[in-house]
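Below: the structure, in structure tokens.
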Amino acid sequence: MGKVTVVGIGPGSLEDMTPRAKRAIEAAQVVAGYHTYIRLIEDLLAGKEVIGTAMMQEVDRCRMAAEKAAGGADTVVVSSGDAGVYGMAGLVLEIVLQYPPEHRPSFGGVIAGVSAVNAAASVLGAPLMHDFAVISLSDLLTPWDRIQKRIEMAAQGDFVTALYNPKSKKRVQNIEEVRRIMLQYRDPATPVGIVTAASRDGEQKVISTLADFTKEEINMFSLVIIGNSQTYVRDGWMITPRGYQNKEGGI
């Protein structure tokens, strides 16, 4: 039997990939991933069998990878960012555990990567210095009413809120609904950061407000971070205080 390992390749640049992730890809015989992610690591794929599939074919891709591993090949499944954050880690592990023990490929574990939320936060400054929630606005796998409830709970709890999959060509109203819910609990001047293509070519950063952020360009390559009641902007940087200034000897 071979083994299948799930690898987070980071937000896009090879410079942001961990050495452990790079070594796992270089050592693999088979690499499986979404076409876009495969292109990000093509410099590491010489001589390897590549399983590349389109969006919405995640189950097929992971099954093919598991079959390759069951057939004796050391295989990696790559996800952008961290494979355990909206990535392939859970799906691969579920598929592997469906195999009878005597035919089950070895599970090589999950190799962590720099998540898109971390990459975007670093571009904006320091917006995640206190408790935060991460919510995907894609309703393909999660009912929209459940997503709305999570947004409302995050707003009530004064969490800094990071939004994955904020807007697509067909899904344009969800982000407007988020704005409406948040405005019930937060000041319209609350800072909102939008980072598109973090750590990739064409990276863009915009800092707006809760009142106006949906007027900015937002797409599926964007990550939106909505500040909490203490978040502020200074000299183009978004900062959520950790609370040190409240302690004796603080700033």
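The values are calculated or read from the model by the stated rules, or taken from the named source; none is laboratory data. Note that the structure is a prediction, hence the values are computed from the model and not measured. Here the Cβ positions follow ideal geometry from the backbone for every residue, glycine too, while neighbour counts run over all protein chains shown. Side chains are part of the model used for accessible areas, which takes the heavy atoms of the whole protein and leaves out ligands, DNA and RNA. Shrake-Rupley method; radii C 1.70, N 1.55, O 1.52, S 1.80 Å.
A few notes on this one:
- Shape category assigned to the range 118-171 from the gyration tensor of Cα positions, a/c cut at 1.5: oblate
- Residue of 173, 204, 98 that the Gaussian network model of the chain assigns the largest fluctuation, springs spanning Cα pairs under 10 Å: 98
- Between 33, 69, 99, the Cα set farthest toward the positive side of the dipole of the chain (charges on each charged residue's Cβ, about the Cα centre) is that of 99.
- Surface composition of the chain: carbon and sulfur make up 50 percent of the accessible area, probe 1.4 Å.
- Counting every alpha-carbon pair across the chain, the share separated by more than 31 Å comes to 32%.
- Tensor-based shape of the range 131-230 (alpha-carbon gyration tensor, a/c under 1.5 rounded, otherwise prolate or oblate): oblate
- Backbone geometry of the range 75-81 corresponds, through the Karplus equation with coefficients 6.51, -1.76 and 1.60 at θ = phi - 60°, to 3J(HN,Hα) couplings of 10, 10, 10, 9, 10, 6, x Hz, x marking Gly and Pro.
- Farthest toward the positive end of the dipole of the chain, out of 111, 12, 184, is the Cα of 184, where the dipole comes from beta carbon charges about the Cα centre.
- Based on protein heavy atoms only, the chain ends up with 51 Å² per residue of surface accessible to a 1.4 Å probe.
- Flagged links, alpha-carbon separation over 25 Å, of 169/205; 22/205; 22/167: 22/205; 22/167
- Accessible heavy-atom area order of 163, 140, highest first, probe of 1.4 Å: 140, 163
- Residue with peak Gaussian network fluctuation, the chain [Cα springs, cutoff 10 Å], from 16, 201, 235: 235
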